[in-house]
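Here the structure comes first, spelled out in structure tokens, and everything after it is commentary.
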Amino acid sequence: MGRLWIACAVAVSCLASVAIAQPLDVPDHAGDIPDGTPRVDAGVAAVFGKVEAGRTGDAVFGGELRLGLRFDRVAFVARYAGAMLNDFSDRHAPSPDAYLVRLGGDVRYSLWRDRMLAKTKHGTPIAIVRGDLWMGGGLGREQLFFAGAATQTRPDLSLSFGITQTTRPSREGNYHGAVTLGAELLFARAPTSRVDATPSGGIDHSFLVTLAVALGN
């Protein structure tokens, strides 16, 4: 858990550090900043991390569909995810023991947004793009389907942070592509057991990392 937090923090710091203060001899694909035009996009995301549901040790791997609406610094994101939970208590024979479906929505606010320099993996500048360093929160509803046990349905609360890189490659700027790296904590009521879905009074803490791509106006 701690290593994932550190990795995400380093990635966000590295991306934010390439913000530029003056024009360079590369295409400017950042678009207007600030941007008061409502922007809509749709995308997909890869999801991985760790999910608690009455016990620890379940790694989650899955995907997510997203629909977003942005007004400059503020974004609203609807999300639908499906993932497989793997039990790694036996290192020699990890096995899927549950499936997760989650429907949720987030509100995000850009703490920092500016032009930043996109580079190749070798460090060659490609274009000037928009960067947003954001924090957010939201609500969701989870369904967990356990093999031979009760199906659990529960609400959750999410707290998240991340960075989004947006590019508008057309000369008219009438469409955009966005890449988002995010990390979030989910809080949900813990069940009594995998068999008994009655809330125990405790709180489960889950951690997810998402890498999303989206296209929009």
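Values computed for the structure shown
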| read-out | value |
| --- | --- |
| Residues within region 151-172 that are under 30 Å from D28 (Cβ atoms) and of a type in the set (S, T, N, Q), tallied | 6 |
| Odd one out for T167 among (1) surrounded by 15 or more Cβ atoms within 10 Å (Cβ to Cβ); (2) of a type in the set (V, I, T); (3) touching a Ser or Thr at 6+ places or on another chain (Cβ under 7 Å) | (3) |
| Pick from region 166-217, criterion in contact with a helix residue (DSSP H, G or I) (Cβ under 7 Å, 6 or more places away or on another chain) and not β-branched (V, I, T), ranking: farthest from P38 (Cα to Cα) | F207 |
| Cβ-Cβ under 7 Å pairs, at least 6 apart or on other chains, region 196-211 side in contact (Cβ under 8 Å) with a residue 24 or more places away in the chain, far side assigned to a loop (DSSP other than H, G, I, E, B) | D196/A150; A197/A150; S200/T192; D204/E52; D204/A53; H205/E52; S206/E52; F207/M1 |
| Residue in region 128-136 that is of a type in the set (D, E) and under 23 Å from A46 (Cβ atoms) present | yes |
| Looking only at region 170-189, and only at residues there that are more than 24 Å from L69 (Cβ to Cβ) and either among the β-branched types (V, I, T) or in contact with a Lys or Arg (Cβ under 7 Å, 6 or more places away or on another chain) (or both), the one that is surrounded by the most Cβ atoms within 10 Å (Cβ to Cβ) | A188 |
| Within region 37-52, tally of residues that are at pLDDT 90 or above and in a loop (DSSP other than H, G, I, E, B) | 2 |
| Residue in region 190-217 that is surrounded by the most Cβ atoms within 10 Å (Cβ to Cβ), counting only those that are small (G, A, S) and under 30 Å from R171 (Cβ atoms) | A212 |
| Condition broken by P125, with the remaining ones in (1) surrounded by 17 or more Cβ atoms within 10 Å (Cβ to Cβ); (2) in contact with a strand residue (DSSP E or B) (Cβ under 7 Å, 6 or more places away or on another chain); (3) not charged (D, E, K, R) satisfied | (1) |
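The values are calculated or read from the model by the stated rules, or taken from the named source; none is laboratory data. Quick caveat, the model's predicted, so the values are computed rather than measured. In this analysis, Cβ positions are derived from the backbone assuming ideal geometry, glycine residues included, and neighbour counts consider all displayed protein chains.
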